[in-house]
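Undergrad: Dropping a structure here in structure tokens format, bear with me for questions.
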Amino acid sequence: MRVEAVIFDWGGTLTPWHTIDFTSQWRSYARAYAADAEEAERLAKEITAAEGRAWQRLRGDGGSARMAEILAEAGVDTDHPGHASAQAAYEEFWEPHTFTDPDVPAVFRGLTERGIRVGVLSNTIWSRTFHERVFARDGVLGLLDGAVYTSEIDHAKPHPEAFRAALRAVGVDDPGRAVYVGDRAYEDVHGAQRAGLRAILVPHSDIPADQQVPVDVRPDAVVHRLTEVLHVVDDWNA
């Protein structure tokens, strides 16, 4: 069937892969929040553990998570006077790791010129506001026809409901007319195909072993640069 929409993963797909020390991100938050260095280190480890449990639940049953829930589980009060500056420090830590792949504007415009809708489906604990600020900074927010951030819904990839939400966001009823592009075999290829979409794998991320879920899947296509997505879709629509 003709491709009517291409939906992209975000981290590691639309952004180049960066290996992150997850305790360091929360250490940035905790140092702005806590009263002293010892308390900050304890808090950073508590939040890191809570986030790890959230991602483990996601890989287990496809349940989504939100940053506020992770902080609450670690005993952080987001009404605390230090939260705003801590949140700013956390976002500053992440900024260099959020820049959009230089190929993305051309890919998004190329799809639009072909009459194909462009979407994003991201497993994330961050808010829509945060993601849209990133896309706006890099000049691609206006090129999206729809986006779903799993912090706003009950399920995350690979759960079929996450993909159905993304299809609704781009206005496509038939999953067979949509393609998902991602860097992970379990969440992105297995999840998309189980929901009835075709899947393109971009295998350039160094995904840590504890984030991998063994799964026997074969993507419908493999690309090594995002610009190759245009060629794959052209072949399918020929």
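Undergrad: Checking the conditions here, which among 182, 191, 171 is at pLDDT 95 or above and over 14 Å from the mean Cα position of the chain (by Cα)?
TA: From the options 182, 191, 171, the qualifying one is 171.
Undergrad: If you go through region 208-238 one residue at a time, how many are assigned to a helix (DSSP H, G or I) and either more than 21 Å from residue 109 (Cβ to Cβ) or open to solvent by less than 40 Å² (accessible area, probe 1.4 Å) (or both)?
TA: So the count comes out to 8.
Undergrad: Looking at region 15-64, which of its residues are surrounded by fewer than 17 Cβ atoms within 10 Å (Cβ to Cβ) and part of a strand (DSSP E or B)?
TA: If the condition is that a residue be surrounded by fewer than 17 Cβ atoms within 10 Å (Cβ to Cβ) and part of a strand (DSSP E or B), then 63 is the only one that fits.
Undergrad: Still on this structure, I have one more. Do the conditions hold for residue 69, that is, is it over 18 Å from residue 123 (Cα atoms), open to solvent by 30 Å² or more (accessible area, probe 1.4 Å) and assigned to a helix (DSSP H, G or I)?
TA: Spelling it out, it is not the case that residue 69 is over 18 Å from residue 123 (Cα atoms), open to solvent by 30 Å² or more (accessible area, probe 1.4 Å) and assigned to a helix (DSSP H, G or I).
Undergrad: Moving on. Which one is farthest from residue 24 (Cα to Cα), of the residues in region 79-117 that are surrounded by 13 or more Cβ atoms within 10 Å (Cβ to Cβ) and free of Cβ contacts under 8 Å to residues at least 40 places away in the same chain?
TA: Per the criteria, the residue is 112.
Undergrad: Can we say residue 130 is open to solvent by 10 Å² or more (accessible area, probe 1.4 Å), of a type outside the set (A, V, I, L, M) and either under 23 Å from residue 101 (Cα atoms) or assigned to a helix (DSSP H, G or I) (or both)?
TA: The answer is yes for residue 130.
Undergrad: Do the conditions hold for residue 166, that is, is it under 15 Å from residue 5 (Cα atoms) and under 15 Å from the mean Cα position of the chain (by Cα)?
TA: yes
The values are calculated or read from the model by the stated rules, or taken from the named source; none is laboratory data. Worth saying up front: this structure is predicted, and the values here are computed from it rather than measured. Glycine also receives a Cβ, built like all others from the backbone with ideal geometry; neighbour counts cover every protein chain displayed. We work out accessible area using only protein heavy atoms, side chains counted, and drop any ligands, DNA or RNA first. Shrake-Rupley method; radii C 1.70, N 1.55, O 1.52, S 1.80 Å.
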